[in-house]
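Asker: Quick one: the structure is below, questions incoming.
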Amino acid sequence: LVSVHVAWSVRGLGLLRVLADDIRHLLDANCHANSQRPKVEFGFVIYDSSSAPAPTAEKGLDTSLRYAFHDSAICYRNGRIDLAAELQGLDPAHELVYTCGPPGLTASTKSVCNKLHLACHIEHFSTL
């Protein structure tokens, strides 16, 4: 079993809605795991740094996002991502960190990874 823990920092749920179909496709493919491609365990933590109120238990995530994430365990938090809390407890021998985003986020992620002796891959994107 392979495990993927996604801690996603967003400024509002708009981007998640845009990517909902792609997320759904990834998780649908995972449902068809076989001996050549083992099933992956996914967990999602979404940090929303916008001023929008967090979804409540009564309201929850909208239908498109619940559908995209297969109603899997999605933890939604308001505020900025707590990198140390998210990365604490990872096993350096078996887990690695992949990060992308603005330079401040990737530098902070790399710094926390260095302190915790975790391998960190940084993906750099450029805008046109």
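The values are calculated or read from the model by the stated rules, or taken from the named source; none is laboratory data. Every value quoted in this text rests on a predicted model; they were computed, and no experiment measured them. Neighbour counts run over all protein chains shown; Cβ positions are idealised from the backbone, glycine included. Calculation scope for accessible area: heavy atoms of the full protein, side chains included, ligands and nucleic acids excluded. Shrake-Rupley method; radii C 1.70, N 1.55, O 1.52, S 1.80 Å.
Asker: Taking segment 107-122 as the region of interest, how many residues are farther than 12 Å from Leu96 by Cβ, open to solvent by less than 60 Å² (accessible area, probe 1.4 Å) and in contact (Cβ under 8 Å) with a residue 12 or more places away in the chain?
Answerer: Matching residues across segment 107-122 total 2.
Asker: Could you please find all residues in segment 46-69 being open to solvent by 60 Å² or more (accessible area, probe 1.4 Å) and either at pLDDT 80 or above or in a loop (DSSP other than H, G, I, E, B) (or both)?
Answerer: Once the filter is applied, which keeps residues that are open to solvent by 60 Å² or more (accessible area, probe 1.4 Å) and either at pLDDT 80 or above or in a loop (DSSP other than H, G, I, E, B) (or both), segment 46-69 yields Ser51, Pro53, Thr56, Ala57, Glu58, Lys59.
Asker: Filter segment 1-35 for residues that are among the hydrophobic types (A, V, I, L, M, F, W, C), open to solvent by 50 Å² or more (accessible area, probe 1.4 Å) and either touching a His at 6+ places or on another chain (Cβ under 9 Å) or modelled with pLDDT under 75 (or both) and give the result.
Answerer: Leu1, Val2, Leu26, Cys31 - these are the residues of segment 1-35 that are among the hydrophobic types (A, V, I, L, M, F, W, C), open to solvent by 50 Å² or more (accessible area, probe 1.4 Å) and either touching a His at 6+ places or on another chain (Cβ under 9 Å) or modelled with pLDDT under 75 (or both).
Asker: (1) assigned to a strand (DSSP E or B); (2) under 17 Å from Ser3 (Cα atoms): which one isn't true of Ile122, the others all being true?
Answerer: All conditions are met except number (2).
Asker: Among (1) closer than 17 Å to Val6 by Cβ; (2) at pLDDT 80 or above; (3) not in a strand (DSSP E or B), which single condition is Ser111 missing?
Answerer: (1)
Asker: Hey, among Pro92, Pro38, which residue is modelled with pLDDT of 85 or more, assigned to a loop (DSSP other than H, G, I, E, B), over 15 Å from Gly14 (Cα atoms) and in contact with a strand residue (DSSP E or B) (Cβ under 8 Å, 6 or more places away or on another chain)?
Answerer: Pro92
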